[in-house]
Amino acid sequence: MKKALLLIIIAVTLNFQLQAQDNLHSDSSLLIALNQQIDNYVVLRNTAELDKLYADDFVFSHGSGRIEGKKGWFTSVAKGNFLQRQHDSVTVEMHPGIAVLRGKLSVQKKDVKNNSRYHLKYIRVYALRDKQWQMISHVTYWEYHDPM
């Protein structure tokens with residue numbers, strides 16, 4: 001009887017662990033897709049959709065050292081002339097209500113005279129607020145500009 005009860009407890013515990021892993025994988029996949037969608041909206045200059053996906057207390061730490069909030073970043077987006085923002089090698093570290101994403105971003109931008117391309121490595125932090133993932137922080141910690 002004790003062995004049967006122990007086996008049932010083990011089976012139930014393993015089932016809960018597998019369900020938790022499935023939920024984490026699902027959230028990770030969702031966040032990777034959301035992360036790219038955000039930058040697709042940046043290219044489209046769609047600040048209405050971005051407003052839902054960036055937290056009001058969002059902080060952007062650029063590779064140049066400049067730091068700005070949501071309003072300043074949206075001003076940059078509105079006049080940004082981004083042609084492409086493509087993510088690569090994104091990893092997700094899940095915590096209760098918080099997700100830390102690390103990845104690479106390749107950016108193509110139309111400048112006054114020509115197009116420029118640069119690449120960066122970043123850390124982005126998302127918070128689950130009112131059942132919605134929102135970006136609360138972006139930190140660029142490495143940046144490389146293609147020669148013109």
Can you pull out the residues in segment 96-127 that are open to solvent by 80 Å² or more (accessible area, probe 1.4 Å) and modelled with pLDDT of 95 or more? Pro96, Arg102, Lys104, Arg117
If the requirement is being within 15 Å of Val43 (Cα to Cα) and either of a type in the set (Asp, Glu) or in contact (Cβ under 8 Å) with a residue 60 or more places away in the chain (or both), which of these qualifies: Leu105, Leu101, Leu83? Leu105
Just give me the residues in segment 66-88 being open to solvent by 60 Å² or more (accessible area, probe 1.4 Å) and hydrophobic (A, V, I, L, M, F, W, C), in sequence order. Ile67, Leu83
Considering each of Val59, Val42 in turn, give the residue that is open to solvent by 50 Å² or more (accessible area, probe 1.4 Å) and under 14 Å from the mean Cα position of the chain (by Cα). Val59
Scope segment 25-39; condition open to solvent by less than 60 Å² (accessible area, probe 1.4 Å) and either polar (S, T, N, Q) or not in a helix (DSSP H, G or I) (or both); matching residues: Ser28, Ser29, Asn35, Gln36
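The values are calculated or read from the model by the stated rules, or taken from the named source; none is laboratory data. From a predicted model like this one, the values you see are computed outputs, not experimental measurements. Cβ sites come from the backbone with ideal geometry, for glycine too, and all protein chains shown count toward neighbours. Surface accessibility is based on the protein's heavy atoms, side chains included, excluding ligands, DNA and RNA. Shrake-Rupley method; radii C 1.70, N 1.55, O 1.52, S 1.80 Å.
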